[in-house]
Every structure is written in structure tokens, then in C-alpha cells.
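**Q** Quick one: this structure, given as C-alpha cells, is what I'll be asking you about.
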Amino acid sequence: MNVTATPASAAPQVDTHCPYCSLQCGMGLRPSATGGVEVAERPAFPVNRGALCGKGRTAPEVLRAGARLTGPLVRREPGGELEPAGWDEALDRVVAGIDGTRDVYGPDAVGVFGGGGLTNEKAYLLGKFARLVLGTSQIDYNGRFCMSSAAAAGNRAFGLDRGLPFPLEDVARTGCVLLVGSNPAETMPPALRYFTEMRERGGRLVVVDPRRTRTAEQADLHLAPRPGTDLALALGLLHLVIAEGRLDEEYIAARTTGWADARAAAMAHWPELVERITGVPVPQLRQAVAYFCDAESAMVLTARGPEQQAKGTDTVGAWINLTLATGRAGRPLSGYGCLTGQGNGQGGREHGQKADQLPGYRMLTDPAAREHVARVWGVDPDVLPGPGRSAYELLDALGGDVRSLLLIGSNPVVSAPRAAHIEQRIRALDFLAVSDVVLSETAALADVVLPVAQWAEETGTMTNLEGRVLLRRRALDPPEGVRTDLQVLHSLAARWGWEKGFPEDAEEVFDELRRASAGGRADYSGITYRRIAEEDGVFWPCPDTPEPSADLPDDPSADHSAPQHPGTPRLFLDRFATDDGRARFSPAGDRPSAEEADAAFPLLLTTGRVLAQYQSGAQTRRVPELASAAPGPFVEMHPRLARQHGIGEGDPVAVVSRRGRAVAPARLTTGIRVDTVFMPFHWAGEGRANTLTNPALDPVSRMPEFKVCAVRLERPDGDTE
Ligand SMILES: Nc1nc2c(c(=O)[nH]1)N[C@H]1C(S)=C(S)[C@@H](COP(=O)(O)OP(=O)(O)OC[C@H]3O[C@@H](n4cnc5c(=O)[nH]c(N)nc54)[C@H](O)[C@@H]3O)O[C@H]1N2
Ligand SMILES: Nc1nc2c(c(=O)[nH]1)N[C@H]1C(S)=C(S)[C@@H](COP(=O)(O)OP(=O)(O)OC[C@H]3O[C@@H](n4cnc5c(=O)[nH]c(N)nc54)[C@H](O)[C@@H]3O)O[C@H]1N2
Ligand code: SF4
Ligand SMILES: [Mo]
């Protein structure tokens with residue numbers, strides 16, 4: 001997979017995108033000497049300009065027969081082994097399993113769990129399949145664990161949730177970025193270039209992270225708060241903005257509402273109090289405010305650090321407040337953005353696989369939305385079920401109210417909080433069907449495993465973190481025994497009598513998605529496969545209407561042939577997407593995390609990612625180069641903490657929380673707070689970080705508190721240190 005060693009080949013290169021994160025780096029695929037494909041650079045694609053991280057570069061490894069599933073598997077006896085089967089038997093078993101549940105317990109006893117890595121077409125069709133074919137309200141997806149708090153806060157503040165309201169290229173030209181709980185050096189390496197460029201132009205980078213990450217090492221200022229204290233930190237910075245007379249009063253009056261309450265919340269968080277809560281010294285708070293306010297333009301960007309908290313929505317709201325009070329949001333090269341995570345983290349939350357949503361980012365409780373989507377689907381609005389449970393609540397209900405599950409594109413045995421409990425719930429199901437490309441830890445528990453085609457073998461659209469809709473193209477045929485997710489949904493729907501409405505062809509699905517999204521918040525109706533190909537992606541909203549024209553209607557020189565809406569790279573410059581066009585301040589004050597350190601569990605655990613592994617590791621653990629770069633879990637801790645416990649580098653250490661116990665080798669670094677330990681969550685088994693995490697949910701977004709829980713260290717043999 002060595003890019004530079006790629007032989008010049010006469011075979012055409014297929015332009016497509018990486019299967020993994022939300023940067024959706026452009027890459028080329030061309031036939032390799034061994035009969036597969038190899039990755040080639042695609043320097044003309046603007047987001048990554050040819051650069052790829054090791055995961056993208058090695059992605060074709062998962063296409064190998066040895067790494068992936070090549071035919072359906074079924075468990076013929078309860079408690080028996082998974083055995084190879086034909087597609088007809090596998091699909092018939094899915095229908096029988098789900099019908100068995102529906103007949104006895106009703107449609108809401110059937111659950112569907114989707115993924116933010118699925119294409120727009122799959123996400124759209126999965127939502128339609130759940131609501132029409134299965135008739136269940138019980139559908140949600142792993143994006144709930146990802147950016148849901150930022151989405152909720154964005155909707156509340158701006159009336160719209162698009163991760164970045166501007167293209168990444170704007171980051172390179174802004175004057176200051178506050179990067180909160182985000183580690184792009186490991187999670188989106190090609191994007192780091194934009195931050196570096198910004199600094200080369202004289203801009204300032206402030207990183208907020210309890211760890212001195214590779215990203216923090218590049219910062220002008222690194223604030224290292226105690227995990228779970230970002231809300232207090234943001235309030236404290238706003239307090240200083242007020243105290244130092246750095247408000248943009250004119251902007252507040254003209255473009256916002258709710259300032260009085262936000263101001264009161266900030267005033268209650270004076271610097272010394274915030275230092276006490278967060279552990280960030282007052283002079284550092286002042287320095288951050290100075291960098292942010294002195295710059296002509298400035299941004300706050302958040303990722304999972306502040307978002308994956310039981311107060312994530314209010315926390316992001318408080319960071320948005322900072323951009324509003326200083327007149328940054330909806331101004332050129334400025335504003336608030338969330339760095340969405342999964343490949344289609346953005347599109348995956350817009351087209352109806354979320355518990356409360358219909359396509360086009362419409363709400364399931366809105367009668368007009370139901371009416372519109374029902375018309376596109378050719379059904380009566382009354383047949384559409386209401387909202388269902390959120391992801392964790394759905395998983396927690398398995399084996400109870402929800403007895404059968406169809407799971408597509410997630411591996412919750414590794415990635416869900418309180419994972420031992422969730423694994424137990426999954427085992428308690430009457431029936432589980434999993435569609436996946438590999439035999440993940442969750443697929444291994446299924447009654448039926450449906451092997452599906454991968455990114456390079458199928459066509460479909462993805463919406464990256466900028467809201468740019470991109471086209472993934474098929475570069476090679478899938479192996480004989482696998483089918484695409486769209487084919488699977490098509491065949492299942494047909495077995496339940498839905499001969500129409502579930503096309504196998506992605507472009508046909510996309511054309512219906514365009515109509516279903518028309519007039520919604522995330523309007524894709526003006527986007528076509530052809531336009532995406534010609535324009536390097538199209539930013540939504542892109543209605544199917546002519547470009548808004550400033551020409552006077554009676555101006556004879558006006559060009560009324562302007563054929564199409566150009567898409568919307570930059571949002572909110574004139575008005576926000578709220579009814580009155582104004583942004584809304586969040587009134588929230590600070591509150592503690594769901595679990596604070598105490599005598600029994602005196603340390604805080606936070607969790608996250610490493611460069612060479614992706615998510616639950618289902619794909620990347622199967623790539624030899626990545627597996628040797630990041631072979632297993634570890635517990636990152638400060639040498640001083642290690643010394644207190646008599647732990648040396650590499651010693652196995654048990655981390656214990658109220659949910660369970662995980663064991664992994666210690667990794668010592670002075671780059672982490674002394675009161676905090678960090679574990680990556682990419683592995684199953686005894687080093688599984690999610691055995692420990694707290695499923696306390698944010699009241700609005702229903703996001704679990706992955707980023708902070710109370711733990712203690714023990715010897716792996718069970719003795720307390
Ligand atoms: N290599 C790799 N890249 C990925 C992924 C992957 O699995 N591996 N996954 C993709 C996906 S789906 C996502 S969501 C993104 C996630 O991308 P990021 O959000 O960048 O990744 P994380 O490592 O989860 O968290 C970022 C940082 O938050 C810090 N943090 C922990 N607790 C707190 C806190 O309380 N406050 C603050 N301010 N910071 C805190 C952690 O120390 C960590 O450095 O990455 C995407 N890219
Ligand atoms: N402790 C802790 N836990 C976390 C997080 C954290 O920061 N800390 N982060 C959370 C976040 S942000 C996320 S996004 C989740 C992600 O966690 P998961 O939802 O488990 O994500 P993946 O590991 O990407 O799982 C995707 C599965 O779908 C398969 N797959 C890939 N493409 C396709 C496809 O096109 N079709 C089908 N049918 N299958 C496909 C893959 O092989 C894999 O098995 O983890 C969450 N869990
Ligand atoms: S940064 Fe993300 S999209 Fe780009 S190559 Fe790496 S994993 Fe793929
Ligand atoms: Mo994510």
C-alpha cells in the first residue's frame with residue numbers, strides 16, 4: 001500500500017474517499033499487481049490535497065479475503081456455533097426471527113441500530129425500512145455516542161446543526177482557534193495542516209485538553225482542565241470577556257437573544273472559582289481570552305472532549321456563548337464549529353436513522369414533516385411511528401422491551417458505555433442479526449451475520465465534517481458471497497411484501513432522498529451525483545431552485561438562466577436559521593459531572609483515540625501495519641501517580657470503576673494531569689475501556705459520559721494498592 005511505490009499503470013484510477021473518519025480524504029484507487037486495488041494520491045481534492053493518514057493508506061487491507069466475511073453465517077441451534085449458510089437461508093432466518101418477535105410482542109419489540117459510517121443512501125433507507133417495513137419506532141444509531149451534544153447545542157443556538165458552518169480552509173485564515181477536547185494530530189492528521197498554516201500566518205492556537213497531546217504540543221497555549229469541567233471553563237472565559245470589557249455589544253443587540261441569563265451565569269463564575277473547579281490557573285485563562293479577543297477573527301472548535309459528557313449540550317452551549325458575546329458567530333473566518341467524527345457522521349444524522357428524525361433533518365413529531373415524507377414514501381402519515389429510544393436506552397432495553405435487533409454498522413460490545421452490561425443485554429436478545437464487513441465482537445454474538453460489500457466496492461454519498469456531500473465510487477466488484485447493504489434491505493423488504501420503495505441502486509435511492517429532504521433543514525434536493533463529481537462535492541443546504549439572484553426582475557441584462565443553487569459553504573453570514581434569525585445564548589450555569597472523584601474512587605478516567613486504530617477497532621485491528629503500530633490497550637498516567645502506586649512503565653494495572661474492572665499495561669507520561677488516567681477504547685477483552693465508562697446521559701442529547709468517570713487503580717491480581 002506504499003503510495004510512492006505505486007507503479008504507473010495504464011488502468012484508469014477511480015477517484016473516491018477513505019472509508020474511515022469525517023475528513024473523508026480524497027484518494028484514488030487503481031488495480032494493484034496482485035489483483036486487488038492500491039491507494040494513489042488525489043492531490044486535486046481540496047480537503048486533504050493528497051495527504052492521507054496510515055489508516056486511509058492501508059484501508060484496502062480490509063478488502064482481503066483473510067480479513068473479512070465472505071459469506072453469510074447462521075446459528076442454527078441456540079447456543080451453537082455460527083455456520084456458513086446461503087443468502088436465502090440467512091435472509092429467511094432474519095424474517096422468521098423478527099416475525100417471531102413482532103407476532104408476540106408487537107413491532108416496537110424490534111429494534112434497529114445503525115451507524116454514522118453508513119452512506120447517506122443506507123442511512124436513509126434504513127430509517128425508511130424500520131418505520132415502514134418493520135413498523136417500529138425503535139431505531140437509533142451510534143452517532144448518538146459521537147456528536148449528538150454538539151448537534152443539540154447547535155440546533156438550540158443557531159436553529160441548524162451542521163458540524164462546521166464553514167469550509168476547513170477558513171481555519172487556515174482565521175486569527176485564533178480555541179480547540180476544545182480535540183486531538184486532530186491523531187484523529188484527523190491531514191487536517192492539522194490547516195492549524196499549522198493558521199499559525200504560520202500569525203494566528204494563535206489554544207488547545208483545551210487534560211492531556212498534552214500531539215495537537216497540544218503545537219499550541220501557543222495549552223489549558224489542561226480536569227476532565228468534565230469544560231462548562232465551568234467556558235463560563236470563566238466569558239466572565240473575563242465581560243470583566244475586561246471585550247463584549248461586542250452591538251452584535252449582541254443585533255444578532256442574538258437571551259444575553260441577560262447567559263451573562264448572569266458567567267458572572268457567577270469568577271476566575272478564582274473557575275481555577276478551583278478546572279485546575280487551570282487564572283493567568284492562563286486571561287491569556288486565552290487575550291488571544292481570542294485580540295484576533296480580528298476567531299473560532300471555537302469542539303470535538304468529543306467537552307461533548308461526551310452528561311452535560312455536553314450545555315457545555316457546548318457555553319462555548320457557543322463565547323463566540324456570540326464576542327461577535328464571532330456568523331462572521332467571516334469566525335464562529336463555532338464541531339469536528340464531527342465518523343465518515344458520514346454528518347449525513348448519518350440527517351436522513352432518518354435517528355430515533356426522533358425524518359429525512360432532511362426533519363423532526364418526527366412535526367406534522368408537516370410527517371406529511372411531506374409520507375407523501376414521498378407513498379403512505380399515510382399516520383402509519384409513521386413516533387420517536388423511539390436513544391442509542392444507550394435502546395441497547396439497555398435489549399432482552400427486555402426490545403427482543404430482536406437488526407444492527408448495521410456498529411460494534412457496541414466494544415464501543416458502548418458500561419459495555420459488560422450492554423454485552424449481557426445483547427446476549428439476552430431473542431434474535432440478533434448483524435450486517436458487517438468483518439466478524440466484529442458484536443457480530444460474533446449474532447444469530448445471523450450478513451456479510452456486506454465495502455467502500456471500494458459500492459457507490460454512495462457521504463457528507464463530511466464541513467457539510468460537503470461527496471461521492472464514493474465503486475472501484476472493484478465485491479466478492480461472490482457478499483452483498484451491499486442496499487441489496488440486503490431490498491431483499492428483506494421484498495420478503496415482507498415491499499416489492500417497491502427499496503431500490504438496490506444507490507443513485508436511485510439518492511434521488512428519492514433528494515425529494516424527501518426538499519424543504520427540510522438539510523436540503524439535498526439540488527445535489528446530484530453529476531454535480532458532486534464535477535464540483536468536488538456540494539455543500540448543503542442546496543435546494544433544487546435557481547441561485548438566489550440580486551438582479552432586478554426587470555433588468556434586461558439579468559441572467560435568469562442561472563441554472564442551479566450553488567450550495568452553501570458558509571452559513572449564518574446574514575442570519576441564523578432560527579425563526580427570528582437571531583442566535584440564542586445558552587443560560588446554563590455549571591454543575592458537577594455525574595460521577596466525581598471520591599475516597600473510594602479517587603481518580604478520573606477519560607477515554608479516546610490513538611492514531612493507528614479506528615473506533616471499536618473492528619476494521620483496523622485486522623490491518624497488520626496498524627496492529628503493530630498500536631497493538632493493544634494501555635493506561636496512560638503521570639509518573640508521579642504511578643510512583644504512588646508502585647507502578648512502572650509497562651506494568652499491568654487494573655482500573656476499577658463502579659461498572660467494572662479493566663486491565664492493561666501502564667504507559668507513563670508527564671503530559672497528563674496527575675489526577676487523571678486515560679485509556680483508548682479500541683479493544684475488546686480485559687483491556688476494554690468501556691467496561692469502566694459511565695452511561696449517565698445528557699438530558700437533551702442523550703449522550704453518555706464517555707469522557708469522565710471515577711476510578712481507582714488496583715494490582716491486576718485484585719489487591720487494592
Ligand atoms: N485515529 C482515529 N481517528 C479517528 C477516530 C478513531 O477512532 N481513531 N474516530 C473518528 C471519530 S468517530 C471521532 S468522534 C473523532 C474524535 O476525535 P477527537 O475528539 O479528537 O478524539 P478523542 O480522542 O475522543 O478526544 C479528543 C481529546 O479529548 C480529550 N479529553 C478527554 N476528556 C476531556 C474533557 O473533559 N475535556 C476536554 N476539553 N478534553 C477532554 C482527550 O484527552 C482527547 O485528546 O475521531 C475520528 N477520527
Ligand atoms: N470509551 C469511549 N467509547 C466510545 C467513544 C469514546 O470516545 N470513548 N467514542 C464513541 C464514538 S464518537 C463513536 S462514533 C462510537 C463508534 O463505535 P462503533 O459504533 O462500534 O464504530 P465502529 O467501530 O466504526 O463500528 C462500525 C462497525 O460497522 C462495520 N462497518 C463499516 N462499514 C460498514 C458498512 O458500510 N456497512 C455495514 N453493515 N457495516 C459496516 C465495521 O466493520 C464495524 O464493525 O464509539 C463510541 N464509544
Ligand atoms: S484522516 Fe480520516 S479520512 Fe483521512 S485518511 Fe485518515 S482516516 Fe481516512
Ligand atoms: Mo465518533
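**Q** Can you give the direction-averaged projected area of the convex hull of the alpha-carbon atoms in the range 308-414, in nm²?
**A** Result: a mean projected hull area of 10.0 nm².
**Q** Which residue, Thr568, Thr313, Leu69, has the largest displacement toward the positive end of the dipole of the chain when charges sit on each Cβ (Lys, Arg +1; Asp, Glu -1)?
**A** Thr313
**Q** Run the dipole for the chain about the Cα centre, Lys and Arg Cβ at +1, Asp and Glu Cβ at -1, nothing else charged, and hand back the magnitude in debye, nearest 20.
**A** The calculated dipole for the chain is roughly 1380 debye.
**Q** Another question about this same structure. Mind jotting down the three principal axis lengths of the range 311-350 based on Cα atoms? Whole angstrom, largest first.
**A** 32, 28, 14
**Q** Now a separate question. To check you understand DSSP bridge types, tell me what percent of the beta bridges within the chain (both residues inside) are antiparallel, rounded to 5.
**A** 45
**Q** Per the Kirkwood treatment, what hydrodynamic radius in Å, one decimal, follows for the range 682-721 from the mean inverse distance over all distinct Cα pairs?
**A** Evaluated over the range 682-721, this radius sits at 12.1 Å.
**Q** Which peptide among 294-301, 416-423 comes first, and what is the full order, when sorted by highest mean count of other Cβ atoms within 10 Å?
**A** Listed from highest to lowest mean packing, they are 416-423, 294-301.
**Q** Would you work out which of Pro451, Gly258, His239 lies farthest towards the positive end of the dipole of the chain? Charges go on Cβ: Lys and Arg +1, Asp and Glu -1.
**A** So the residue we want is His239.
**Q** Here's something else I'd like to know. If you project the alpha carbons of the range 246-354 onto the principal axes, what extent comes out on each, in Å, largest first?
**A** Sorted largest first, the three principal extents are 43, 34, 26 Å.
**Q** Let me ask something else. With +1 assigned to the C-beta of every Lys and Arg and -1 to the C-beta of every Asp and Glu, and no other charges, what is the dipole magnitude of the range 207-304 about the Cα centre in debye, to the nearest 20?
**A** 460
**Q** Let me have the 222 nm mean residue ellipticity of the chain computed from DSSP H runs of 4+ only, each contributing -39500 (n - 2.57), with the sum over all residues rounded to the nearest 500.
**A** The helix contribution divided over the chain gives -7500 deg cm²/dmol.
**Q** What percent does the relative contact order of the chain come to when contacts are Cα pairs within less than 8 Å and at least six residues apart?
**A** Rounded, it is 19 percent for the chain.
**Q** Quick one: 3J(HN,Hα) in Hz for the range 110-121, Karplus 6.51/-1.76/1.60 with θ = phi - 60°, rounded, Gly and Pro as x.
**A** 9, x, 10, 10, x, x, x, x, 6, 5, 4, 5
**Q** Can you classify the range 42-126 as rounded, prolate or oblate using the Cα gyration tensor, where a ≥ b ≥ c are the square roots of its eigenvalues, rounded means a/c under 1.5, and otherwise it's prolate if a/b beats b/c and oblate if not?
**A** oblate
**Q** Net charge around Thr484, counting only other residues with Cβ within less than 9 Å of its Cβ (Lys, Arg = +1; Asp, Glu = -1)?
**A** Result for the local shell: -2.
**Q** Just to compare against my own numbers: the Cα pair-distance distribution for the range 80-119, 10 Å bins, whole % per bin, please.
**A** 23, 35, 40, 2
**Q** Give me Rg over Rh for the range 153-231, both radii from the alpha carbons and Rh done the Kirkwood way, two decimal places.
**A** My calculation of the ratio gives 0.98.
**Q** Work out the charge dipole of the range 96-223 with +1 on the Cβ of Lys and Arg and -1 on the Cβ of Asp and Glu about the Cα centre, then indicate which of Gln138, Gly100, Ala172 is farthest towards its positive end.
**A** Checked the options; the winner is Ala172.
**Q** In what order do Asp590, Asp103, Asp161 fall by count of nearby beta-carbon atoms within 10 Å, going from fewest to most?
**A** With the fewest neighbours first, Asp590, Asp103, Asp161 line up as Asp103, Asp590, Asp161.
**Q** Taking the Cα centre of the range 405-503 as origin, work out the dipole magnitude from +1 charges on Lys and Arg Cβ and -1 charges on Asp and Glu Cβ, in debye rounded to 20.
**A** In debye, rounded to 20, the range 405-503 gives about 260.
**Q** Could you tell me the relative contact order of the range 310-450? Use alpha-carbon pairs under 8 Å, at least six residues apart, and round to a whole percent.
**A** Relative contact order for the range 310-450 comes out at 13 percent.
**Q** Based only on Cα atoms, what Rg/Rh ratio does the chain have, Rh being taken as Kirkwood's radius?
**A** For the chain, the value is 0.95.
**Q** Please report Rg over Rh for the range 399-534, where both radii come from the alpha carbon positions and Rh follows the Kirkwood definition.
**A** Ratio of gyration radius to Kirkwood radius: 1.01.
**Q** Using the per-residue mean of other Cβ atoms lying within 10 Å as a proxy for protection, in what order, highest first, do the peptides 388-394, 315-321 fall?
**A** 315-321, 388-394
Read-outs throughout are calculated quantities, based only on the coordinates presented, and are distinct from any laboratory measurement. As the structure is a computational prediction, the values presented were derived from the model and not from experiment. Ideal geometry is used to build each Cβ from the backbone, glycine not excepted, and the neighbour counts take in all protein chains shown.
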